[in-house]
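I have placed the structure first, in the form of structure tokens, so that the comments after it can refer back to it.
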Amino acid sequence: MAGFMGTERNGGVASLRGLEINDAERLAHLANYKELAHNIAPVGSFPYPYTVEHAIGLIEYTIAAATSGTAFHFGVQNEKGDLIGVVAITKIDQNNNSCEIGYWLGKDYHGKGYGRYAVSLIVSFAFKELKVHKVSAISFKDNKPSIRILEKIGFKREGVLRESAKSADGKYSDEVIMSMLEKDFEKSKYSRMDLNSNLRLDRR
């Protein structure tokens with residue numbers, strides 16, 4: 001497993017850690033709101049209501065995926081050590097040295113600086129530990145808070161997938177493709193973040 005921790009002026013304090021089975025009840029509580037299920041792409045990939053059984057399934061998957069190196073999921077902690085959300089690296093392409101990130105927070109933790117810091121940590125992990133060349137993210141066009149987080153970190157818009165996702169009510173949504181390249185990351189302040197030496201990726 002791996003992780004970062006740190007502070008941000010006028011923002012939250014966040015750290016990342018691996019998810020464990022005993023996080024299931026807390027995870028289910030955090031994830032159980034309709035807006036989250038509607039904002040996670042692709043539509044239908046995130047259940048609502050979100051139960052403890054769903055959380056256990058996710059945690060078991062994250063442990064297996066991290067062991068095989070196919071994906072990495074981390075719990076986001078606030079300054080009190082409370083679990084407040086999840087960030088992830090998926091679609092790892094070793095041929096092209098690229099990956100995709102995803103992220104969400106419990107609704108009580110929106111707008112407090114945690115999101116931007118947590119996402120910057122997972123991006124730093126991707127570039128520093130996985131040594132990727134490019135990190136991508138996909139957001140629904142109407143999910144403006146998510147897009148703002150990516151833009152503040154330094155992601156650029158690549159384009160829009162028009163009406164590419166169908167919601168539960170039958171409406172179609174545009175998806176915005178955003179990305180950051182290694183050279184852009186190296187120029188950003190986030191490249192100066194230090195890995196927590198006790199939580200580095202286990203490459204054995």
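Considering only region 19-38, state which residues are buried (at least 18 other Cβ atoms within 10 Å of the Cβ) and closer than 21 Å to residue 121 by Cβ.
19, 23, 27, 30, 31, 36
Each row is one residue, and each column tells you yes or no for (1) farther than 24 Å from residue 151 by Cβ; (2) out of contact with any Gly (no Cβ under 9 Å at 6 or more places or on another chain); (3) of a type in the set (A, V, I, L, M); (4) in a strand (DSSP E or B).
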site: 46; (1), (2), (3), (4): no, yes, no, no
site: 76; (1), (2), (3), (4): no, no, yes, yes
site: 90; (1), (2), (3), (4): no, no, no, yes
site: 111; (1), (2), (3), (4): no, yes, no, no
site: 116; (1), (2), (3), (4): no, no, no, no
site: 119; (1), (2), (3), (4): no, yes, yes, no
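Scanning region 1-17 for residues that are small (Gly, Ala, Ser) and more than 16 Å from residue 123 (Cα to Cα), which turns out modelled with the highest pLDDT? Don't jump to the end; show me each part of the working.
Step one: of region 1-17, the residues small (Gly, Ala, Ser) are 2-3, 6, 11-12, 14-15.
With the extra rule that they be more than 16 Å from residue 123 (Cα to Cα), the set shrinks to 11-12.
Numbers: 11: 50, 12: 58.
It comes out as 12.
Under 7 Å by Cβ, and 6 or more places apart or on different chains, what pairs join a residue from region 47-62 that is surrounded by fewer than 18 Cβ atoms within 10 Å (Cβ to Cβ) with one that is not in a helix (DSSP H, G or I)?
49/32
Go through (1) closer than 23 Å to residue 69 by Cβ; (2) in a strand (DSSP E or B); (3) among the aliphatic types (A, V, I, L, M) for residue 165 and report which single condition fails.
Among (1) closer than 23 Å to residue 69 by Cβ; (2) in a strand (DSSP E or B); (3) among the aliphatic types (A, V, I, L, M), residue 165 violates only (1).
The values are calculated or read from the model by the stated rules, or taken from the named source; none is laboratory data. Computed from a predicted structure; not experimentally measured. Cβ coordinates were reconstructed from backbone atoms using ideal geometry, including for glycine residues, and neighbour counts include every protein chain displayed.
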